[in-house]
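One structure is given below, encoded as structure tokens.
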Amino acid sequence: MGRPEKDLPPTRNRGLLELASWLRALRAAAGLKYAALADRTEETGRRFTATTLQRAADGRRIPTLRVVEAYAQACGATATEARKYWRAARAFHRPPPKTFPKPRLINDSVELRTALYAVYVKAGALPLREMDRRAQHGRLPRNTLSRMLSGGTMLKRAQLKAFLEVCEVPEREHPDWLEAWDRAWAGYFGLFNGLFARQLRKEAQQDYHARSSFRAHSRFLELDRARQTGRNWYQDAQRRAPRIYRPAIPVVRSQEIASVLDDWNP
């Protein structure tokens, strides 16, 4: 029989205490030591060490979702229940916004990004790397997702589907989100036809790339002219600079030196 676990430390994060208590109760009900629990996690697709699993239940920090899911599945619980406790613990640090527009009431891109951010936080604010891994096949790039969450861009239609799947939005709500996406793009172009708006978006992106390449080429020419101008200015300055006066050093011949010495030594 292993040593009893230490008491959970005091913390204001009630969700973290509930998560740690739930994990400990699962292991106690399964009658497993941490070494045996670590062996069982290998069946979930990735083996975690006994130390990692023990830290997940110590109540000092929020473990990663992959560790919590593996811990729960090794003890016979479901990953869905593990995600529920994990999200409750994460909500202490990043609480979801109290008000945000519903999908059917979204009319522009700002409202769409605000609603998607609320969905992201309610799903536990997964690390972007983990969201990319769960989406699979590069359907949700981290850079694009980061810019969307910061308000810098919008997701494509396929990326929005992957985002909803990773955040576990019920599938029956997906049509409402896709219609909201169409209205957001239509509002961006001042139209109400989602299909036509997507075509205009494609043309706008092509025009943006063309203008970006033109600006980059113009910048290159400008820097090249600046370098050439600086090179010409330096050469002109060298040509126009006054020559430094250097007095001529008299050349004294050895015969003159000998005659002076003869005169000095009578």
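The values are calculated or read from the model by the stated rules, or taken from the named source; none is laboratory data. Values in this document were obtained by computation on a predicted structure and should not be read as measured data. FYI the Cβ positions are ideal-geometry reconstructions off the backbone, even for glycines, and counts take in every protein chain you see. Quick note on the areas: whole protein, heavy atoms, side chains included, nothing else; ligands and nucleic acids left out. Shrake-Rupley method; radii C 1.70, N 1.55, O 1.52, S 1.80 Å.
A few remarks follow.
- In region 29-48, the residues that are open to solvent by 30 Å² or more (accessible area, probe 1.4 Å) and among the hydrophobic types (A, V, I, L, M, F, W, C): Ala29, Ala30, Ala35, Ala36
- Top-ranked residue in region 151-168 [being over 22 Å from Leu65 (Cβ atoms) and open to solvent by 50 Å² or more (accessible area, probe 1.4 Å); ranked as modelled with the lowest pLDDT]: Gly152
- Tallying residues that are charged (D, E, K, R) and either within 19 Å of the chain's Cα centre (by Cα) or not in a loop (DSSP other than H, G, I, E, B) (or both) within region 101-110 yields 1.
- Residue within region 80-91 that is open to solvent by 70 Å² or more (accessible area, probe 1.4 Å) and either over 28 Å from Leu37 (Cα atoms) or not in a helix (DSSP H, G or I) (or both) present: no
- Some residue of region 111-123 being assigned to a loop (DSSP other than H, G, I, E, B) and touching an Asp or Glu at 6+ places or on another chain (Cβ under 9 Å): yes
- Qualifying residue in region 169-184 (condition: more than 14 Å from Pro103 (Cβ to Cβ), surrounded by 10 or more Cβ atoms within 10 Å (Cβ to Cβ) and modelled with pLDDT of 65 or more): no
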